[in-house]
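Visitor: One structure, pasted below without further comment.
The values are calculated or read from the model by the stated rules, or taken from the named source; none is laboratory data. This structure is a prediction, so every number in the text was calculated from the model and none was measured. Here the Cβ positions follow ideal geometry from the backbone for every residue, glycine too, while neighbour counts run over all protein chains shown.
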Amino acid sequence: MMNAITRCVTKAAAGIALALSATTVVNASTQPVPPLNLDTDTITVSGLSSGGYMANQFHMAYSDWVKGAGIIAAGPYYCGQNDITTALSQCVNKMDSPVNLDTLSAKAKDWAQRGKIAPLENLKDSKVWLLHGTADTRVMSDVSDLLHTQYTMLVPETQVTYVNDKPFAHVFPTLDNGGSCTTSESPFIGACEYDAAGEMLNFMYDSLTAPDDTLSGNVYSFRQAELAGDNAKTLGELGFVYVPKNCEAGSDGSDGANASAGENTNGNACQVHVSFHGCNQYADAVDDAYVTGTGLNRWADDNSMVVIYPQTKKSMFMPLNPQGCWDWWGYTSEDYATRDGQQIQAVKSMIEGLSGKGIE
């Protein structure tokens, strides 16, 4: 029986994985994360593939807190339905039978009524940016179309944009960083002459400043379990955070970094964006390809924004996760897509810990 389960989950993970090659460790500062001056009243999230599913789950769980989501190549909330077979047969590169959005919506409504996710009416205040490339064969367009349909049932149509006419493969599109844009190859960061990071952030935030060619800040590492405890047991040892210089507590921003996006009721406090990598895109597998290569840091640096990059890890034991995917089908528990989910709780604790204060 165990061998059958192992074969099933391994096959499923391979079907949803980003098959990236292993390299070394992220080139992060050797210094501890400095005290940060953050505004955590609202945050935004993004992700690619399994990270896109996770960004959606985090958004739905905390739509009273998360006010923007940028999702590349993922499907509707609770598509996997706590079943790896369903996830593989309906939610990635094929749809053996139609996905019933009414069933998924009913589950979301039930969880909202029970307090397991935020009330769905909070979503009317969100902005959602979605992308699916026409050359993407890893996640079929029908799957991403369903995510768009689901969001437009919950979010005003003017607050949702769906980019689905670009000839991109299963990659995070950038202006000029990464490999081929039209083939799904390592590192699955594509030089597409298209700034997905800028497009999504400009949709979610008002009046961003165009970035320059220099970065004022640093990538820092932190021990995820120190902030998240047992909820981090399916995650990697280290997470990463990009910190612009003027987001360090006590900085006056005199280095010239623009603070327009972070200026709010908390003075010069910086905004928080959380970005989730895809399967096999965790740092132990791909070095800094995701942490430094998407273009998010470039925009964050000139707009007073800290970017948190939580990390998964692979596991060859139960819970089996050989490709280091985020849990969007239930390998941690049946609560994986709710506020009770281990990984969702872990990431929430990371944000709280890095900000130095709790979230009410």
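Visitor: Do we have any residue at all in the stretch 93-107 that's of a type outside the set (Ser, Thr, Tyr), under 25 Å from THR44 (Cα atoms) and surrounded by 20 or more Cβ atoms within 10 Å (Cβ to Cβ)?
Guide: no
Visitor: Let me ask another. Take the stretch 296-320 and flag every residue that is buried (at least 24 other Cβ atoms within 10 Å of the Cβ) and assigned to a loop (DSSP other than H, G, I, E, B).
Guide: ASN303, SER304, PRO310, GLN311
Visitor: If TYR282 passes every condition in (1) under 14 Å from the mean Cα position of the chain (by Cα); (2) touching a residue at least 60 places away in the same chain (Cβ under 8 Å) but one, which one does it miss?
Guide: With (1) under 14 Å from the mean Cα position of the chain (by Cα); (2) touching a residue at least 60 places away in the same chain (Cβ under 8 Å) applied to TYR282, the lone miss is (2).
Visitor: Name every residue in the stretch 183-217 that is among the polar types (S, T, N, Q), at pLDDT below 95 and either within 20 Å of the chain's Cα centre (by Cα) or within 22 Å of TYR282 (Cα to Cα) (or both), in order of residue number.
Guide: THR183, SER184, SER186
Visitor: All but one of (1) at negative phi; (2) touching a strand residue (DSSP E or B) at 6+ places or on another chain (Cβ under 7 Å) hold for ASP340, so report the exception by its number.
Guide: Tallying (1) at negative phi; (2) touching a strand residue (DSSP E or B) at 6+ places or on another chain (Cβ under 7 Å), ASP340 fails exactly one: (2).
Visitor: Only one residue in LEU208, LEU215 is in contact (Cβ under 8 Å) with a residue 60 or more places away in the chain and within 24 Å of GLY278 (Cβ to Cβ). Which one?
Guide: Answer to the check: LEU215.
Visitor: I've got another one for you. If I go through the stretch 235-245 residue by residue, how many of them are surrounded by 20 or more Cβ atoms within 10 Å (Cβ to Cβ) and not in a strand (DSSP E or B)?
Guide: Matching residues across the stretch 235-245 total 2.
Visitor: Tell me the residue from LEU201, LEU147, LEU131, LEU120 that is aliphatic (A, V, I, L, M) and surrounded by fewer than 22 Cβ atoms within 10 Å (Cβ to Cβ), please.
Guide: LEU120
Visitor: Tell me, please, whether a residue that is crowded, with 24+ Cβ neighbours inside 10 Å, touching a Lys or Arg at 6+ places or on another chain (Cβ under 8 Å), modelled with pLDDT of 95 or more and farther than 23 Å from GLN113 by Cα can be found in the stretch 63-83.
Guide: So far as the stretch 63-83 goes, yes, one or more of its residues are crowded, with 24+ Cβ neighbours inside 10 Å, touching a Lys or Arg at 6+ places or on another chain (Cβ under 8 Å), modelled with pLDDT of 95 or more and farther than 23 Å from GLN113 by Cα.
Visitor: For the stretch 77-165, which helices (runs of 4 or more DSSP H) that fit wholly inside it have 1 or more residues that are within 18 Å of the chain's Cα centre (by Cα)?
Guide: Because the criterion is at least 1 residues that are within 18 Å of the chain's Cα centre (by Cα), the helices (runs of 4 or more DSSP H) in the stretch 77-165 that meet it are 141-152.
Visitor: State yes or no: is GLY229 at pLDDT 95 or above, within 30 Å of TYR331 (Cβ to Cβ) and out of contact with any strand residue (DSSP E or B) (no Cβ under 6 Å at 6 or more places or on another chain)?
Guide: yes
Visitor: Return the only residue of THR103, THR137 being among the hydroxyl-bearing types (Ser, Thr, Tyr) and without any contact (Cβ under 8 Å) to a residue 24 or more places away in the chain.
Guide: After ruling out the rest, the residue left standing is THR103.
Visitor: Can we say THR24 is modelled with pLDDT under 50, part of a loop (DSSP other than H, G, I, E, B) and closer than 30 Å to MET318 by Cβ?
Guide: yes
Visitor: Next up: Pull up the stretch 270-280, narrow it to residues that are of a type outside the set (Val, Ile, Thr) and either touching a Ser or Thr at 6+ places or on another chain (Cβ under 8 Å) or assigned to a strand (DSSP E or B) (or both), then point me to the one that is surrounded by the most Cβ atoms within 10 Å (Cβ to Cβ).
Guide: Ranking the qualifying residues of the stretch 270-280, first place goes to GLY278.
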